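Beneath this line is the structure, given in structure tokens, with notes to follow.
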Amino acid sequence: MAVKQEHVVIIHETIVKSWLRDLSTFALFSAMIGIGWLMDSGAMQWMGAIIAFITVLTKATGLHKKNRKNIAEARLFLDDLEAGRA
């Protein structure tokens with residue numbers, strides 16, 4: 001069975017949008033750990049910690065920037081995608 005691959009192209013992102021994205025990611029695993037603590041759920045606390053670890057590891061290794069492109073590269077990628085080469 002072939003896996004359909006989706007492509008996401010972000011044309012413009014400001015510093016504030018980037019910070020808000022990072023803040024929402026931090027809020028996600030903080031909320032999971034906090035709610036897990038309030039509910040006395042060790043599993044939820046561990047999942048929040050694992051998500052936090054993976055997020056920090058991904059940002060530290062630069063994997064999150066692998067698909068970033070400048071405008072010319074994005075235009076070329078979109079042309080290739082339209083022509084069916086991507």
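The values are calculated or read from the model by the stated rules, or taken from the named source; none is laboratory data. Note that the coordinates shown come from a computational prediction; the quantities given were computed from them, not determined experimentally. So basically every Cβ, Gly included, is an ideal-geometry build from the backbone, and we count neighbours across all protein chains shown.
Here are some notes:
- Residue in the range 55-67 that is modelled with pLDDT of 85 or more and either surrounded by 11 or more Cβ atoms within 10 Å (Cβ to Cβ) or among the basic types (Lys, Arg) (or both) present: no
- Test: residue in the range 74-86 that is outside any helix (DSSP H, G or I), among the hydrophobic types (A, V, I, L, M, F, W, C) and under 26 Å from Gln5 (Cα atoms): yes
- Residues that are part of a helix (DSSP H, G or I) and either of a type in the set (Asp, Glu) or at pLDDT below 85 (or both), drawn from the range 7-18: Ile15, Lys17, Ser18
- Filtered residues of the range 29-43 (kept if of a type in the set (A, V, I, L, M) and surrounded by 14 or more Cβ atoms within 10 Å (Cβ to Cβ)): Met32, Ile33
- Asp22 meets all of the listed conditions (1) among the charged types (D, E, K, R); (2) at pLDDT 85 or above; (3) over 23 Å from Gln5 (Cα atoms) but one, namely (2).
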